[in-house]
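Below are the structure tokens for one structure; questions will follow.
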Amino acid sequence: DSHVPVRVRDPAHPNDPNAGLKATQVSSGGSHSVALGSDGYVYAWGYNKWGQLGNKTGSDSHVPVRVRDPAHPNDPNAGLKATQVSSGGSHSVALGSDGYVYAWGYNKWGQLGNKTGSDSHVPVRVRDPAHPNDPNAGLKATQAIGAGFYHSLAFDDQEGSIWAWGYNGDGELGNNSTVSSHVPVQVKFSLAPIITAARFDASPAAISRSRTASNSVTAVTPPHQPGPVTVSIDYTIGGTGPTLTNTSLTYTYQPLALPKAGGAGILLTLAAGATGTGAILASRRSRHEQARTGHLIR
């Protein structure tokens with residue numbers, strides 16, 4: 001043990017106490033640690049009974065070892081490349097550089113998310129919740145991942161959804177049950193999304209909040225040439241946290257008598273539903289333009 005910090009060894013020079021591991025992120029688990037090396041590879045060290053080092057062995061290691069590439073698990077030189085890592089009690093998760101979520105180690109409660117209860121000494125792809133029976137269809141996350149003691153989490157800011165899997169005896173998965181899950185399930189939120197801004201292409205729209213619903217605003221369409229434009233809506237969940245943006249909705253300016261259209265008020269409503277954060281655009285039509293109704297997020 002050490003009561004002062006010691007430098008973690010460089011896996012390329014494990015016998016040199018002056019050669020240390022350079023990393024961009026670290027995370028400590030129950031009895032192991034993981035790091036995202038400055039070379040983009042994932043490294044791990046410590047206790048390895050359940051495969052939490054991800055190097056296809058059950059042997060502990062006092063120096064960092066490279067976590068195996070799930071596409072080449074038998075090649076010790078082919079490592080997992082990632083953008084984020086997190087270590088749990090006896091497992092670890094990583095957001096791969098390909099956008100998929102990977103996990104390895106202890107799996108009694110399904111914390112690896114691959115629809116099995118078997119431990120894995122190499123990374124496995126977490127299942128896509130829309131296709132849980134397809135081992136090749138993986139969960140993609142664009143923002144963040146996290147490993148709890150016996151469960152794991154991933155955040156997809158494109159969907160506005162948080163996914164969880166693993167032990168759920170105390171409600172860790174946030175899906176209003178205490179049933180553990182070996183594949184990702186969606187965390188249920190009671191917080192409403194709050195619209196903070198709206199833009200039509202690059203032009204900001206003046207918005208005023210509805211008196212009856214905090215997640216509804218009236219946006220006045222700015223002047224614009226006729227034709228379709230992209231509507232960008234900025235919002236936060238419950239009025240806190242990071243600002244999320246969705247750009248999947250279009251609005252069509254259709255002038256009947258004027259060379260330019262604009263100035264009509266349209267109602268933008270965001271609703272948190274069972275399938276995630278949804279948005280519906282309802283138009284207060286004028287004789288100058290009309291809106292296409294649609295859904296921002298499925």
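Tally the residues that are modelled with pLDDT of 95 or more and either among the hydrophobic types (A, V, I, L, M, F, W, C) or touching a helix residue (DSSP H, G or I) at 6+ places or on another chain (Cβ under 8 Å) (or both), restricting the search to the range 164-189.
Adding up the residues that qualify gives 6.
Follow-up. Go through (1) over 19 Å from Thr247 (Cα atoms); (2) at pLDDT 85 or above for Ser210 and report which single condition fails.
(2)
Follow-up question, since we're still on this one. Does Asn107 qualify as being outside any strand (DSSP E or B), open to solvent by 10 Å² or more (accessible area, probe 1.4 Å) and in contact (Cβ under 8 Å) with a residue 12 or more places away in the chain? Outline the logic, then answer.
Details: outside any strand (DSSP E or B): yes; open to solvent by 10 Å² or more (accessible area, probe 1.4 Å): no; in contact (Cβ under 8 Å) with a residue 12 or more places away in the chain: yes.
No.
Which condition does Asn74 not pass, out of (1) under 30 Å from Ser2 (Cβ atoms); (2) over 17 Å from the mean Cα position of the chain (by Cα), if it passes all the others?
Every listed condition holds for Asn74 apart from (1).
Determine whether the range 64-76 contains at least one residue that is open to solvent by 50 Å² or more (accessible area, probe 1.4 Å) and either closer than 20 Å to Tyr167 by Cα or in a strand (DSSP E or B) (or both).
yes
Do you know which residues across the range 123-146 are touching a Gly at 6+ places or on another chain (Cβ under 6 Å) and either closer than 18 Å to Lys49 by Cα or open to solvent by less than 20 Å² (accessible area, probe 1.4 Å) (or both)?
Hits for the range 123-146 are Pro123, Val126.
Now for a separate question. If you take the residues of the range 176-207 that are over 17 Å from the mean Cα position of the chain (by Cα) and closer than 23 Å to Trp109 by Cβ, which of them is surrounded by the most Cβ atoms within 10 Å (Cβ to Cβ)?
Ser181
Sticking with this structure for a sec: Identify the single condition in (1) in contact with a Pro (Cβ under 9 Å, 6 or more places away or on another chain); (2) modelled with pLDDT under 95; (3) on the phi < 0 side of the Ramachandran plot that Ala130 does not satisfy, given that it satisfies every other one.
Only one criterion is unmet by Ala130, namely (1).
Yes/no per residue for (1) at pLDDT 80 or above; (2) open to solvent by less than 20 Å² (accessible area, probe 1.4 Å):
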residue: Thr221; (1), (2): yes, yes
residue: Pro226; (1), (2): yes, no
residue: Tyr235; (1), (2): yes, yes
residue: Thr240; (1), (2): no, no
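Return the residues of the range 24-40 that are closer than 19 Å to Ala78 by Cβ and either open to solvent by less than 50 Å² (accessible area, probe 1.4 Å) or at pLDDT below 95 (or both); say none if nothing qualifies.
Those that are closer than 19 Å to Ala78 by Cβ and either open to solvent by less than 50 Å² (accessible area, probe 1.4 Å) or at pLDDT below 95 (or both): Val34, Ala35, Leu36, Gly37, Gly40.
The values are calculated or read from the model by the stated rules, or taken from the named source; none is laboratory data. Keep in mind that this is a model prediction, so the values were computed, not measured. So basically every Cβ, Gly included, is an ideal-geometry build from the backbone, and we count neighbours across all protein chains shown. Note: areas computed on protein heavy atoms with side chains; ligands, DNA, RNA excluded. Shrake-Rupley method; radii C 1.70, N 1.55, O 1.52, S 1.80 Å.
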